């Protein structure tokens, strides 16, 4: 259950738009996890975001994450904590009950 402010939603919408523009067809999913996934919208907590990219190219995954930090939305004061992952890493983390999976398994998909 997400409870995003208008500014948070604006950032998310703009980030998704820019991802599709700059990396067409690469995005597998965006998962919001942590307090925001539990309905807590608070400028004092991180806006935790897992970005999953298709394939296994780690450089592309980091490029997708880097984009999150340059998306400019006025009045959005919560810096997103973006965790990039390839689908191969995500599947391995699920199989091994790894840290990526444990962080985001109860998250909310926003793709």
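Bear in mind that the values in this text are calculations on the coordinates, not laboratory data. The shown structure was predicted, so the numbers you read here are calculated from the model rather than taken from an experiment. Note that each Cβ is placed from the backbone with ideal geometry, even for glycine, and that neighbours are counted across all protein chains shown.
Its residue count N sets the reference 2.2 N^0.38 Å, and the alpha-carbon radius of gyration of the chain equals 1.01 times that reference.
Sorting 14-24, 31-41 by their mean Cβ neighbour count within 10 Å, with the most densely packed peptide first, gives 31-41, 14-24. Remark: the residue 17-residue 62 segment gains 14.5 nm on full extension, using 0.36 nm per residue and subtracting the alpha carbon distance.
Taking the DSSP beta bridges with both ends in the chain, the antiparallel portion is around 55 percent.
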